[in-house]
Amino acid sequence: MQDLQLHPGPSRLDVADAAPLRSELSRDPDLAELLDLFVHDLPDRIADFQAAARQEDLAHLARLARQVRAAARGYGFPAMTEPAARIESLARDPALSTHIGEAIDELLSLMRRASRVTRE
């Protein structure tokens, strides 16, 4: 299997896009508690992605990406959906898995930015 290791240290995305990523639904008081739960769980999801990448577990990476893609869409984080969809697609084709690290880095950067958001 190909090396799925993430790039060490902060990615260019972390440096260039350091601003917190806010949900498009953040002003909806009916969703506040659910958004807080989603954002609170992001560090655990990041750790899950990192572990799956270290283990080169393409099936698990695809499942994680599908879960994040669906949740991000529902909770107003559309920027996360494209890299998650790319991970899902790349993970299904071992011949393309060498390109998955960049997509994972991009998604994790967005997840880190969202996890830094606190309620106003």
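The values are calculated or read from the model by the stated rules, or taken from the named source; none is laboratory data. None of these values were measured; they are calculated from a predicted model. Neighbour counts run over all protein chains shown; Cβ positions are idealised from the backbone, glycine included. Protein only, heavy atoms only, side chains kept; ligands, DNA and RNA dropped before computing areas. Shrake-Rupley method; radii C 1.70, N 1.55, O 1.52, S 1.80 Å.
Below is a table of values for the structure above.
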{"read-out": "Scope region 72-109; condition open to solvent by less than 20 Å² (accessible area, probe 1.4 Å) and aliphatic (A, V, I, L, M); matching residues", "value": "72, 80, 84, 87, 91, 100, 103, 104, 107, 108"}
{"read-out": "Residue check for residue 114: buried (at least 20 other Cβ atoms within 10 Å of the Cβ) and at pLDDT below 95", "value": "yes"}
{"read-out": "Residue that is most open to solvent (accessible area, probe 1.4 Å), among those in region 53-71 that are touching a residue at least 24 places away in the same chain (Cβ under 8 Å) and more than 10 Å from the chain's Cα centre (by Cα)", "value": "54"}
